[in-house]
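Q: Below you'll find the structure I mean.
The values are calculated or read from the model by the stated rules, or taken from the named source; none is laboratory data. Model, not experiment: these values are computed from the prediction. Note that each Cβ is placed from the backbone with ideal geometry, even for glycine, and that neighbours are counted across all protein chains shown.
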């Protein structure tokens, strides 16, 4: 629980106790270990459709060629032994009102199976088996997907709002494999061979232990029995990074030129290894700074000065690194003012911290917002899966996530702010028409 301070008078507060557990949202959480050692996370919510997510440590960083993991993801759902084309594979699920999706990030390659009812679970597990063990990397499918990916890359590059993270990534993770875009480049995707794809599939998917998340209304016994059967030969353990990601910074700015007076920008810095409490502390600071209409940066940049339409921020952690960034778009003539205001507000929090009233407000906001964020089976998995992937023991219960947030003190938050807000390490990605010397001026 935490103590909520509702201000009624400048020198008087009323103390209210608020608690939050998954069971309060009608979600019963449990972790199970399958016979082959696979971790299975269950979020049972009566009356809800079912989402099953299969996750591998096989994201973009593990491919020797930029885009190889993402290309493999496309092929996993492009045809199998019993459903040789993507439309036939899709039709098997659509016949029961279900569907599949897949995605690739820097660390993870995953796919989801979504079905409406528990009675359709046998079809879901059949499709999981098809994708994991019977995918057919046919030459015709490979070339069709290659063309689709090249089109996907082109579409992204021509949209600065979509492309800004890849530009930011290049400077944030410079001189590491993570600087490469997840989709790859036209050159790298064109060079990926059939053998590259089948080798990546066999090495990272076919016999490798995944991590599995299921949310919705299901029978635990049926799920465990079915998955034990489907995954009985998936015994390989994927090696994951353990050392912190190296930092070799040769530059502070990356720019991709786009015509016009408007530009997109992303500024931020890398964060080292943190405890769960430190991560939650930064979430509190991020929320105060830039999440919602009442946030500091929204108020200063949008409502007081009209310098931009919207601003957002990102706080991301993985096994060997993390980052914080502020993302915005504005007229090129205003970018200097926007940038300086962002730096000034970050510096205020670093030097002076936040207030007890701000802490109370943001704890209440985060916990109440969770009720919106955890309504569907897909939302439940999306909200928690990365944290669960990154933590081996999960502190015995996912409810610890709520407890840590509730118990954060003002001194702890302000101490973490002093240590982890680091303007000296700030790097900048720009999609727009600024010149290099203008960007360098901003980065000082």
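Q: Checking residue 244 against (1) part of a strand (DSSP E or B); (2) modelled with pLDDT under 95, which single condition isn't satisfied?
A: Here residue 244 meets the rest and fails (1).
Q: Still on this model: Any idea which of (1) over 22 Å from residue 179 (Cα atoms); (2) buried (at least 19 other Cβ atoms within 10 Å of the Cβ); (3) touching a strand residue (DSSP E or B) at 6+ places or on another chain (Cβ under 7 Å); (4) modelled with pLDDT of 80 or more is the one residue 427 doesn't satisfy?
A: Unmet condition: (1).
Q: Go through the stretch 104-121 and give me each residue that's in contact with a helix residue (DSSP H, G or I) (Cβ under 7 Å, 6 or more places away or on another chain), in a strand (DSSP E or B) and closer than 14 Å to residue 182 by Cα.
A: Selection gives 104, 109.
Q: Let me ask another. Out of all the residues in the stretch 366-384, is one or more over 16 Å from the mean Cα position of the chain (by Cα), closer than 30 Å to residue 248 by Cβ and in a helix (DSSP H, G or I)?
A: Within the stretch 366-384, not a single residue is over 16 Å from the mean Cα position of the chain (by Cα), closer than 30 Å to residue 248 by Cβ and in a helix (DSSP H, G or I).
Q: Which residue out of 58, 102, 116 is buried (at least 23 other Cβ atoms within 10 Å of the Cβ) and in contact (Cβ under 8 Å) with a residue 24 or more places away in the chain? Let's see the steps before the verdict.
A: Working: 102 fails: buried (at least 23 other Cβ atoms within 10 Å of the Cβ); 116 fails: buried (at least 23 other Cβ atoms within 10 Å of the Cβ).
Just one listed residue meets the conditions, 58.
Q: Sort through 59, 47 and tell me the only one that's at positive phi, at pLDDT 95 or above and assigned by TED's automatic domain parsing to the domain that holds residue 202.
A: Details: 59 fails: at positive phi.
47 is the lone residue from the list that is at positive phi, at pLDDT 95 or above and assigned by TED's automatic domain parsing to the domain that holds residue 202.
Q: For residue 188, state whether it is assigned to a helix (DSSP H, G or I) and surrounded by fewer than 18 Cβ atoms within 10 Å (Cβ to Cβ).
A: Working: assigned to a helix (DSSP H, G or I): yes; surrounded by fewer than 18 Cβ atoms within 10 Å (Cβ to Cβ): no.
Against the criterion (assigned to a helix (DSSP H, G or I) and surrounded by fewer than 18 Cβ atoms within 10 Å (Cβ to Cβ)), residue 188 does not qualify.
Q: Would you pick out the residues in the stretch 279-293 that are over 18 Å from the mean Cα position of the chain (by Cα) and farther than 17 Å from residue 348 by Cα?
A: 292, 293
Q: With the condition kept exactly as written, say whether any residue in the stretch 218-236 is assigned by TED's automatic domain parsing to the domain that holds residue 353, in contact with a strand residue (DSSP E or B) (Cβ under 9 Å, 6 or more places away or on another chain) and surrounded by fewer than 16 Cβ atoms within 10 Å (Cβ to Cβ).
A: no
Q: I've got another one for you. Examine the stretch 159-172 for a residue that is surrounded by fewer than 18 Cβ atoms within 10 Å (Cβ to Cβ), in the same structural domain as residue 187 (by TED's automatic domain parsing), part of a helix (DSSP H, G or I) and touching a residue at least 24 places away in the same chain (Cβ under 8 Å), and state whether such a residue exists. Break it down stepwise before answering.
A: Keep residues of the stretch 159-172 that are surrounded by fewer than 18 Cβ atoms within 10 Å (Cβ to Cβ), which gives 159, 161-162.
Checking the rest, the ones that are also in the same structural domain as residue 187 (by TED's automatic domain parsing) come to 159, 161-162.
With the extra rule that they be part of a helix (DSSP H, G or I), the set shrinks to 161-162.
Then keep just the ones that are touching a residue at least 24 places away in the same chain (Cβ under 8 Å); that gives 161.
Within the stretch 159-172, one or more residues are surrounded by fewer than 18 Cβ atoms within 10 Å (Cβ to Cβ), in the same structural domain as residue 187 (by TED's automatic domain parsing), part of a helix (DSSP H, G or I) and touching a residue at least 24 places away in the same chain (Cβ under 8 Å).
Q: Considering only residues that are closer than 24 Å to residue 411 by Cβ and touching a strand residue (DSSP E or B) at 6+ places or on another chain (Cβ under 6 Å), which ones fall in the stretch 308-355?
A: Scanning the stretch 308-355 gives 313, 315, 322, 324.
Q: Could you list all residues from the stretch 266-278 that are surrounded by fewer than 20 Cβ atoms within 10 Å (Cβ to Cβ) and assigned to a helix (DSSP H, G or I)?
A: Within the stretch 266-278, 276, 277 qualify.
Q: Scan 66, 84 and give me the residue that is within 26 Å of the chain's Cα centre (by Cα) and not in a helix (DSSP H, G or I). Reasoning before the result, please.
A: Values: 84 fails: within 26 Å of the chain's Cα centre (by Cα).
Among 66, 84, only 66 is within 26 Å of the chain's Cα centre (by Cα) and not in a helix (DSSP H, G or I).
Q: Just the residues that are touching a residue at least 60 places away in the same chain (Cβ under 8 Å) and part of a helix (DSSP H, G or I), please, taken from the stretch 134-152.
A: If the condition is that a residue be touching a residue at least 60 places away in the same chain (Cβ under 8 Å) and part of a helix (DSSP H, G or I), then 141, 142, 144, 145, 146, 148, 149 are the ones that fit.
Q: For residue 343, indicate whether it is assigned to a helix (DSSP H, G or I), more than 20 Å from the chain's Cα centre (by Cα), more than 30 Å from residue 260 (Cβ to Cβ) and in the same structural domain as residue 304 (by TED's automatic domain parsing).
A: On the way: assigned to a helix (DSSP H, G or I): yes; more than 20 Å from the chain's Cα centre (by Cα): yes; more than 30 Å from residue 260 (Cβ to Cβ): no; in the same structural domain as residue 304 (by TED's automatic domain parsing): yes.
For residue 343, the condition - assigned to a helix (DSSP H, G or I), more than 20 Å from the chain's Cα centre (by Cα), more than 30 Å from residue 260 (Cβ to Cβ) and in the same structural domain as residue 304 (by TED's automatic domain parsing) - is not met.
Q: Of the conditions (1) crowded, with 17+ Cβ neighbours inside 10 Å; (2) touching a strand residue (DSSP E or B) at 6+ places or on another chain (Cβ under 9 Å); (3) without any contact (Cβ under 8 Å) to a residue 60 or more places away in the chain, residue 296 fails just one. Which one is it?
A: (2)
Q: Taking the stated definitions as given, is residue 380 farther than 24 Å from residue 106 by Cα, crowded, with 16+ Cβ neighbours inside 10 Å, in contact with a strand residue (DSSP E or B) (Cβ under 6 Å, 6 or more places away or on another chain) and at pLDDT 95 or above? Walk me through how you get there before you give the answer.
A: Numbers: farther than 24 Å from residue 106 by Cα: no; crowded, with 16+ Cβ neighbours inside 10 Å: yes; in contact with a strand residue (DSSP E or B) (Cβ under 6 Å, 6 or more places away or on another chain): yes; at pLDDT 95 or above: yes.
Criteria not met by residue 380.
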